[in-house]
Structure formats: structure tokens, C-alpha cells
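A short worksheet on the structure shown next.
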Amino acid sequence: MDQKKNIILFPGTLQSYQNTLTTLLETEQYDEALKLLHYLLQCEGEDEETYKEWELLLEWLTTHTATLQQNQKADGEEWDETNIINEQIQMKLLEDEGYTDKLLEMLMNESSSVEKKWLALDQLVHIDDKQMNEKIIKWFQNGSLNPMLQFKALQTLKQRGATGKVSFNKLGEKLKVNIENTPIHFEDFPNVVVDVIQSVREITETNDPIISAFAEQTWKEYLSYIYGTNNYTEITQLQNSAPCAYALHKISLEMTIGSIDEELLIQSYDLKKHEVLMMEKTYKNIKSYIETVLQIY
């Protein structure tokens with residue numbers, strides 16, 4: 001473990017770092033996640049279980065990224081990351097017959113962090129067990145889970161080949177979704193949802209690359225947070241991306257530079273009067289997500 005320095009994390013700061021770590025894992029920014037874990041392991045004042053979780057994540061990410069680098073083809077072609085991860089998991093199973101049970105314990109233990117559960121779901125995709133889908137669904141339907149973790153569970157079930165509808169509660173709503181319709185990659189979302197990023201990027205990327213990057217990350221996380229809810233359905237049924245792109249751009253400006261020119265922003269997105277209400281609703285919902293999950297504002 002990294003040698004600790006005289007760095008004390010206050011509760012609010014720790015939560016902020018935990019949120020950042022979850023985001024990095026969600027978006028597969030493994031190099032940045034490794035850097036953050038090395039830093040956190042140098043800090044003092046946390047309980048032993050927290051340090052153990054960070055060390056587990058660090059060990060897995062270190063092995064995972066090293067294997068990906070070793071398997072990169074010399075001709076620059078993309079390699080099959082899924083097969084590489086599967087090979088790692090199969091080796092683990094050969095070394096430890098109880099590895100599957102350890103993953104399930106990691107997933108279902110209420111005291112496990114979101115990051116730890118995320119790591120378990122990533123690996124359970126590759127476990128050959130006919131009963132695994134039922135076990136994940138049973139866990140998924142019981143208790144109150146983190147909304148983004150619920151989305152990750154749906155992705156895991158789809159990647160395992162599960163089909164059919166699954167019922168669950170999310171953000172105060174009773175939902176029923178088709179597992180096979182769950183987006184695995186961002187491009188799998190409906191076009192009007194994907195176009196939101198492109199609309200913001202076209203306006204911001206040249207002059208405000210930081211805002212563009214912040215907006216893209218926020219939008220992807222927000223979609224996983226609301227997936228399956230009435231708010232999500234409403235967004236997918238829009239005729240164009242302008243209301244959501246405007247709302248996302250506005251809140252991204254507020255979060256990064258703190259000031260906006262509303263008139264200029266309306267002109268940039270050619271927002272129509274009948275679209276203003278949807279824009280305001282989306283803005284309010286994204287802001288609520290940021291306040292609740294990222295604990296900002």
C-alpha cells in the first residue's frame with residue numbers, strides 16, 4: 001500500500017473523491033482512476049475497510065490496464081477488450097474456486113461501496129453460471145440501489161444474454177423495462193439523445209473545450225441516472241435535441257465559469273417558444289441530479 005502522508009480527508013471531500021472515482025470507472029478512464037486511487041491511499045483518517053476497497057480496485061485496475069497494453073496490436077488495430085477481461089476472469093476462477101461467490105458477496109453486501117459493486121458487475125458478465133442472471137435480477141429488484149448502479153446491472157444482464165422485462169423501483173417510480181433494449185455504448189441510445197452532445201460540442205468545442213468535456217461527461221452520467229424513468233422517456237420522444245442541449249450547455253457554463261449570456265445561448269440553439277418549457281424542465285432535472293449525486297451547489 002502507498003505510504004501515507006499527512007493528508008486528512010474531510011467527509012465532504014471524501015464523498016467528492018468517491019463520486020469522481022465512480023465516474024472514472026463508469027467512463028473507463030482507468031489511467032485517471034489509478035492516479036486518484038494512489039492519491040487516496042496516501043491519505044489518513046479513513047477506516048480499514050475503505051482502504052481495503054481502494055487497494056482491491058487498485059490491484060484490479062493495475063492488472064487490467066497492464067494486460068490491455070500488452071495485448072495491443074503492433075499494427076494499431078483495436079483489440080477485443082472483452083476477450084481479454086474474460087481471459088483474466090477465467091484465470092482467477094482456476095486459481096480460486098470460490099471466486100464467483102466472492103464476487104456475489106461483493107455485489108450483495110450492503111456495506112460494499114458503489115465502486116466495489118461496480119467492479120463485481122463488470123466481472124460477473126464473464127461468469128458461466130446458468131443461475132447467475134436470476135441471482136442478479138433478484139438482487140436488483142430487492143432494496144434501494146444507486147440509480148446508476150441499477151443501469152449498470154441492466155447492462156450486465158444484457159451482456160450476459162438475458163432477455164425479457166424486469167420490474168424495479170427507481171427514483172420514486174415503478175418501472176418495467178426490456179433488458180435487451182439497454183444501451184451498452186453511448187451510441188446505442190436514441191439519436192435525439194446522442195445528438196445532444198454533438199449540438200453542445202459544435203458550439204463549445206472550439207472556444208470552450210473544458211465546457212464541452214464537462215457537458216459530455218455530465219450528460220452520459222445523467223442518462224444512466226434517469227434511464228427508464230418518465231423523464232428519460234420524455235427526452236427520447238423529442239423531435240430534436242435543442243431543449244436538452246441548451247439546458248446542458250447552460251448548467252455546464254454555470255458549473256465551470258459561473259456566468260452565462262442567456263440571449264446568446266437561445267440564439268445559438270435556435271430555441272423555439274414551445275421548446276422553452278422542456279428546456280427549463282431538463283435544466284431543473286440535471287441540476288437536481290448534480291445536487292443529489294455530486295453534492296455540488
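At-a-glance table
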item: Complete set of residues in the range 172-208 that are at pLDDT below 95, surrounded by fewer than 17 Cβ atoms within 10 Å (Cβ to Cβ) and assigned to a loop (DSSP other than H, G, I, E, B); result: Gly172, Ile184, His185, Glu205, Thr206, Asn207
item: Residue in the range 213-222 that is open to solvent by 50 Å² or more (accessible area, probe 1.4 Å), touching a residue at least 60 places away in the same chain (Cβ under 8 Å), within 30 Å of Leu265 (Cβ to Cβ) and not β-branched (Val, Ile, Thr) present; result: yes
item: Leading residue by the ranking (nearest to Asp101 (Cα to Cα)) among those in the range 133-167 that are touching a residue at least 60 places away in the same chain (Cβ under 8 Å) and either in a strand (DSSP E or B) or among the hydrophobic types (A, V, I, L, M, F, W, C) (or both); result: Leu154
item: Close pairs (8 angstrom Cβ cut-off, 6 or more residues apart or separate chains): over 29 Å from Tyr227 (Cβ atoms) in the range 258-286, crowded, with 16+ Cβ neighbours inside 10 Å anywhere; result: Ser259/Leu253; Glu262/Lys250
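The values are calculated or read from the model by the stated rules, or taken from the named source; none is laboratory data. Being a predicted model, the structure only gives us computed values, none of them experimental. Every residue, glycine among them, receives a Cβ derived from its backbone with ideal geometry; neighbour counts consider all protein chains shown. Side chains included, ligands, DNA and RNA excluded: accessible areas come from the protein's heavy atoms. Shrake-Rupley method; radii C 1.70, N 1.55, O 1.52, S 1.80 Å.
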